[in-house]
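The values are calculated or read from the model by the stated rules, or taken from the named source; none is laboratory data. Note that the structure is a prediction, hence the values are computed from the model and not measured. For neighbour counting, all protein chains shown are included, and Cβ atoms are generated from backbone atoms with ideal geometry for every residue, glycine included. Heads up: the accessible areas ignore ligands, DNA and RNA and are worked out on the full protein's heavy atoms, side chains in. Shrake-Rupley method; radii C 1.70, N 1.55, O 1.52, S 1.80 Å.
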Amino acid sequence: MSPTVVALSIITGIVAVGSLAAFYAKSRHKMDLEQWTVGGRGFGMVLVWLLMAGEIYTTFTFLGASGWAYSRGGPVLYILGYQPLMYVVSFFVLPHVWEAGRKYRLQSQADFFEVRYGSKYLAACVALIGVVCLLPYAQLQLKGLGLIVQVASYGAIRPTTAMIVAFVLVASFVFVSGVRGVAWASVIKDLLLLFAALFIGIAIPHIYFGGIGPMFAAIARAKPEHLVMPGATKDLGHAWYISSVLMTAFGFFMWPQNFAASFTARSGKILRRNAVFMPLYSITMPLMVLVGFSALLVLPKLSNGDLSLLAIVRQTFPAWFLGIIGGAGALTAMVPAAIQILTAATLFAKNLCRPILAPSMTDPEVAKLAKLMVLVLTSAALYLAIQTSVSLVSLLLLGYAGVAQLFPGVALGLFSRRVTTSGVFAGMVTGIVVAALLMLTGHDPYRGLSAGFIALCFNFAVTGLVSVLTPVQVSGFEKPATAVAAS
Amino acid sequence: MKRPSLGAILLGLIPFIAVCFSVSLWDRISPTVFGLPFNFFWLVAWIVLTPLCMWGAYRFELRRESGTENQKGGER
């Protein structure tokens, strides 16, 4: 058998096992809208862990982190910096989000805004931001899958074909399984990724350099500037590091799927305890970074940094091992993509379309529209993945700049009585406009600061100012649950 | 909503200071620790130290929550 056949059949096998786990988990539960989206609010510590931590193990971890270590050097450290901090933020925010979720039966992030601020237009705006930002994130996963199949087939299968296959897999995965199936598929995915990261993160530096220390020593001799910021870039220095770390740490749980994952928990305490220990899960990140750094000296002439991990695995190990790594990579792309698409589709149907365009829709009709949107959004992500050629990390930063703009509305909504609907609305729109202007005109970073962070500062300032100028409002969270039913 | 306790907030600030705001103090190669450049070692160390801080914060919140429950009991 040729190495291509070996590698590709192992990848297919792993993907099949992951999908079977998802279908099996689903078959034991009746699927209504609440079961499909928030798993009936009955997840214990382990499932919540898998669902939330599952979201950090994406293609971004696998190919993006090593890719940036390879192509940018020092700035990749921002990934190690924001990981523990986002859980610190979640420690303070998510238990309160969960409490509101239980009391008002919230299913999505937009529901949260609707109940807190009593405006379906604000909620629709939040849903729209969520859907638009999720597209580059899902696009990132499809791109990653394309790269994996391209490398595993030794160039025989073109990335476009691979992405189309990935598209069919992801869409059918979401259709059938819902959030519970996805959480169970995460079990297999995380185990494989953990194993893959530990093994290649330690083995590759050993094989080529005789250890991690000698590997760093070799880089420090050949390219010392690569190991500190701004690395191989001109403008990603310390100010960029601080601003990006803050933006991503505040933004992480503003991703609609991560925010809504807190509704799946059985209690708020589960979320708080998970927040304490989850940073330990990101121990794979530095290992991925090690692989990227090793590739820098071993394969110095790669055209695309995102290929560095796969390329070095292919050069070092036999085809069956490339198959295992590729399979782990494929699942780490598909499972998060499934959650992202599922969230975006539900947001669109439930918080954007029904309240604004068709108030008479019933729950089963919303569920049907959401499933249709799964197809539409996956197609859109596929189109973008084929059309554009930005690095994986850059795609993620683009989405972060958008979702981070939801943070003031959530944090102030929970902890301040003075914040008003108009304030949050004005701040959010300002933030999005500033972020879009800076990024579309090629000013990210601007004066050394990440564009999303600058936008977030404007957002906070405008939210505060407008809130103070508008009359005091009673928070929706102080009204009884019967008075403010979420749509 | 109830605001978090001061102790928990202070403990939560420690990781922010250590891995974010102080970047210019530790972003260098030497001294290497266990063969790792100092910046890399520092960040890996805080992946382990952050849970310690947050465990402390968790204890603070837990103690305060049981405190407020007792108060409620007293009011009844």
Considering residues of the range A:243-267 that are more than 18 Å from the chain's Cα centre (by Cα) and open to solvent by 10 Å² or more (accessible area, probe 1.4 Å) only, the residue nearest to the other protein chains (Cβ to nearest Cβ):
A:Ser267
Verdict on B:Gly56 being at pLDDT 90 or above, in a helix (DSSP H, G or I) and within 7 Å of chain A (Cβ to nearest Cβ):
no
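For every residue, the table says whether it meets (1) surrounded by 24 or more Cβ atoms within 10 Å (Cβ to Cβ); (2) farther than 17 Å from A:Ala110 by Cα; (3) touching a strand residue (DSSP E or B) at 6+ places or on another chain (Cβ under 6 Å); (4) among the hydrophobic types (A, V, I, L, M, F, W, C).
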{"residue": "A:Trp320", "(1), (2), (3), (4)": "no, yes, no, yes"}
{"residue": "A:Ala338", "(1), (2), (3), (4)": "yes, yes, no, yes"}
{"residue": "A:Asn351", "(1), (2), (3), (4)": "yes, no, no, no"}
{"residue": "A:Ile356", "(1), (2), (3), (4)": "no, no, no, yes"}
{"residue": "A:Thr362", "(1), (2), (3), (4)": "no, yes, no, no"}
{"residue": "A:Lys371", "(1), (2), (3), (4)": "no, yes, no, no"}
{"residue": "A:Tyr383", "(1), (2), (3), (4)": "no, yes, no, no"}
{"residue": "A:Val390", "(1), (2), (3), (4)": "no, yes, no, yes"}
{"residue": "A:Val393", "(1), (2), (3), (4)": "no, yes, no, yes"}
Filter pass, A:Gly144 being in contact with a Lys or Arg (Cβ under 6 Å, 6 or more places away or on another chain), within 19 Å of A:Ile14 (Cα to Cα) and in contact (Cβ under 8 Å) with a residue 40 or more places away in the chain:
no
When only residues in the range B:32-41 that are assigned to a helix (DSSP H, G or I) and either at the interface with chain A (Cβ under 9 Å from one of its Cβ atoms) or open to solvent by less than 10 Å² (accessible area, probe 1.4 Å) (or both) count, which is nearest to B:Ala18 (Cα to Cα)?
B:Asn39
Looking at (1) crowded, with 24+ Cβ neighbours inside 10 Å; (2) modelled with pLDDT under 90, can you tell me which one A:Val126 breaks?
(2)
The listed residue being more than 10 Å from chain B (Cβ to nearest Cβ) and either open to solvent by 50 Å² or more (accessible area, probe 1.4 Å) or out of contact with any Ser or Thr (no Cβ under 7 Å at 6 or more places or on another chain) (or both), out of A:Pro286, A:Pro300
A:Pro300
Examine the range A:74-84 for a residue that is open to solvent by 10 Å² or more (accessible area, probe 1.4 Å) and under 21 Å from the mean Cα position of the chain (by Cα), and state whether such a residue exists.
no
Which listed residue is closer than 30 Å to A:Ala7 by Cβ and within 14 Å of chain B (Cβ to nearest Cβ), from A:Ala156, A:Ala218, A:Ala166, A:Ala183:
A:Ala218
Touching a Leu at 6+ places or on another chain (Cβ under 6 Å) and part of a helix (DSSP H, G or I): does that describe A:Ala404?
yes
Considering the range A:85-112 alone, what residues qualify as being basic (Lys, Arg) and either in contact with a Phe, Trp or Tyr (Cβ under 7 Å, 6 or more places away or on another chain) or within 13 Å of chain B (Cβ to nearest Cβ) (or both)?
A:Lys103
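Which one is nearest to A:Trp98 (Cα to Cα), of the residues in the range A:415-445 that are in a helix (DSSP H, G or I) and hydroxyl-bearing (Ser, Thr, Tyr)?
So the residue we want is A:Thr421.
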Please name all residue pairs, on different chains or six or more residues apart, with Cβ atoms under 6 Å, provided the first residue is in the range A:226-238 and is facing chain B (nearest Cβ under 10 Å) and the second residue is open to solvent by 20 Å² or more (accessible area, probe 1.4 Å) and among the β-branched types (Val, Ile, Thr).
A:Leu227/B:Ile29
Between residues in the range A:433-453 that are under 18 Å from A:Thr248 (Cα atoms) and open to solvent by 80 Å² or more (accessible area, probe 1.4 Å) and residues that are β-branched (Val, Ile, Thr) and at pLDDT 90 or above, which pairs lie under 7 Å by C-beta distance while being six or more apart or on different chains?
A:Tyr446/A:Ile454
Filter result (facing chain A (nearest Cβ under 7 Å) and not basic (Lys, Arg)) within the range B:1-31:
B:Met1, B:Pro4, B:Gly12, B:Pro15, B:Phe16, B:Val19, B:Cys20, B:Phe21, B:Val23, B:Ser24, B:Asp27, B:Ile29
Among residues of the range A:439-484, those that are at positive phi and modelled with pLDDT of 85 or more, counted
2
All conditions in (1) over 30 Å from A:Ile454 (Cα atoms); (2) without any contact (Cβ under 8 Å) to a residue 24 or more places away in the chain; (3) β-branched (Val, Ile, Thr) are true of A:Ile207 except (2)
Scanning the range A:158-179 for residues that are free of Cβ contacts under 8 Å to residues at least 24 places away in the same chain and among the aliphatic types (A, V, I, L, M), which turns out least open to solvent (accessible area, probe 1.4 Å)?
A:Ala162
Of all residues in the range A:74-109, which are among the β-branched types (Val, Ile, Thr) and within 16 Å of A:Met288 (Cβ to Cβ)?
A:Val76, A:Ile79
Exactly one of (1) in a helix (DSSP H, G or I); (2) within 30 Å of A:Val76 (Cβ to Cβ); (3) open to solvent by 40 Å² or more (accessible area, probe 1.4 Å) is unmet by A:Leu412. Its number?
(2)
Pairs where the first residue, in the range A:389-403, is on the phi > 0 side of the Ramachandran plot and the second is β-branched (Val, Ile, Thr) and open to solvent by 20 Å² or more (accessible area, probe 1.4 Å), C-beta under 9 Å, 6+ apart
none
